[in-house]
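In what follows, a single structure is set out as structure tokens and then discussed.
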Amino acid sequence: MKLAIVYGSPTPPGKLARALDLAEAAVRERHPGWSTERIAPRTSVGPVVATWDDEAVERIGAADAVVLASPVYRGSITGTLKLLIDMLPNEALRSKPTGVLTVAAAPQHFLSAERHLRDVLAWFGALTAPNSAFFVDTAFRTPDVDPAVLAELAEFTDQLVTLAESLGGRGFGPDPLTVRFSASRA
Ligand SMILES: Cc1cc2nc3c(=O)[nH]c(=O)nc-3n(C[C@H](O)[C@H](O)[C@H](O)COP(=O)(O)O)c2cc1C
């Protein structure tokens, strides 16, 4: 089974990339039946924006579970990640186990991007994982990462694996509002 890990930063590699390296390592170590795919923006368009190609959309659609990862920018997700989200059709995430992982400079911003992403994931009818992962960026400043951070990353990915395996591809109704609204206008 496949876990797609979306890297929502326009400035690789950075602290978020380090967090994702460790999350991927946790999946490799604990879930031999799973593979991970990092999905990153393709083209930089300046210091705070990068764009995606259509392949990113296809890879998310084909995954069994998804991590949406973003640094906190201005109290929210990056515009770069929102560009990708706006390219995704509803079925790419509908009923799909999806986890939120964010990093920020300020611990006070721990819910800021998460709560915005949860709203957006409701549009898709995604199966948003109950527990998100948040880290202050200094957690990844040195090669030695606190074991508590590693444990949190492992638990975070375990939850997505468990949800996807328990679900076996099952979907849920009722249709998300966008599907009902589109049908009523057809
Ligand atoms: C444009 C911009 C806006 C940011 N806004 C916030 C913010 O609102 N709150 C916060 O805690 N950190 C903010 N940060 C800090 C980043 O979230 C933090 O440095 C993070 O580690 C960046 O990810 P990266 O290291 O993977 O590039 C901002 C950084 C940038 C570049």
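The values are calculated or read from the model by the stated rules, or taken from the named source; none is laboratory data. It should be emphasised that the depicted structure is a prediction, and the values quoted were computed from it without experimental measurement. For neighbour counting, all protein chains shown are included, and Cβ atoms are generated from backbone atoms with ideal geometry for every residue, glycine included.
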*Taking interchain pairs and intrachain pairs at least six residues apart, which have beta carbon atoms under 7 angstrom, with the first residue in the stretch 102-124 and within 13 Å of the ligand (Cβ to nearest atom) and the second assigned to a helix (DSSP H, G or I)?*
T102/A113; T102/E114; V103/K15; V103/L16; V103/A19; V103/D137; A104/D137; A105/D137
_Test for P71: is it farther than 21 Å from A129 by Cα and modelled with pLDDT of 95 or more_ = no
*asked:* Please go through the stretch 107-157 and give me each residue that is hydroxyl-bearing (S, T, Y) and within 28 Å of D86 (Cβ to Cβ), ordered by number.
replied: S112, T128, S132, T157
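Does the stretch 43-61 hold any residues that are away from the ligand (no atom under 12 Å from the Cβ), under 15 Å from I85 (Cα atoms) and touching a residue at least 12 places away in the same chain (Cβ under 8 Å), and which are they? Before you say what the answer is, go through the steps one by one.
First, pick out the residues of the stretch 43-61 that are away from the ligand (no atom under 12 Å from the Cβ): 43-45, 51-61.
Checking which are under 15 Å from I85 (Cα atoms) leaves us with 51-61.
T51, W52, D54, A56, V57, R59, I60, G61, listed by residue number.
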*Show the residue pairs that are 6+ apart or on different chains and have beta-carbon atoms under 9 Å apart, the first residue being within the stretch 2-27 and at positive phi, the second being of a type in the set (A, V, I, L, M, F, W, C).*
G14/V103; G14/F140
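Table: residues versus (1) touching a Lys or Arg at 6+ places or on another chain (Cβ under 9 Å); (2) under 20 Å from E24 (Cα atoms).
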site	(1), (2)
L88	no, no
S95	yes, no
V100	yes, yes
L111	no, no
F135	yes, yes
*Is it the case that the stretch 142-157 has a residue that's at pLDDT 95 or above, in contact with a Ser or Thr (Cβ under 8 Å, 6 or more places away or on another chain) and within 16 Å of the ligand (Cβ to nearest atom)?*
no
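Output the residues belonging to the stretch 30-42 that are in contact (Cβ under 8 Å) with a residue 60 or more places away in the chain and either in a helix (DSSP H, G or I) or within 16 Å of the ligand (Cβ to nearest atom) (or both). Break it down into steps so the answer makes sense when it comes.
Keep residues of the stretch 30-42 that are in contact (Cβ under 8 Å) with a residue 60 or more places away in the chain, which gives 30-31, 34.
Within the stretch 30-42, just R30 meets the criteria.
Restricting to the stretch 86-101, give me the number of residues that are part of a strand (DSSP E or B), more than 18 Å from R170 (Cα to Cα) and away from the ligand (no atom under 14 Å from the Cβ).
Taking the stretch 86-101 as the starting set, the residues that turn out to be part of a strand (DSSP E or B) are 97-101.
When the remaining residues are screened for being more than 18 Å from R170 (Cα to Cα), the result is 100-101.
When the remaining residues are screened for being away from the ligand (no atom under 14 Å from the Cβ), the result is 100.
Of the residues in that region, 1 qualify.
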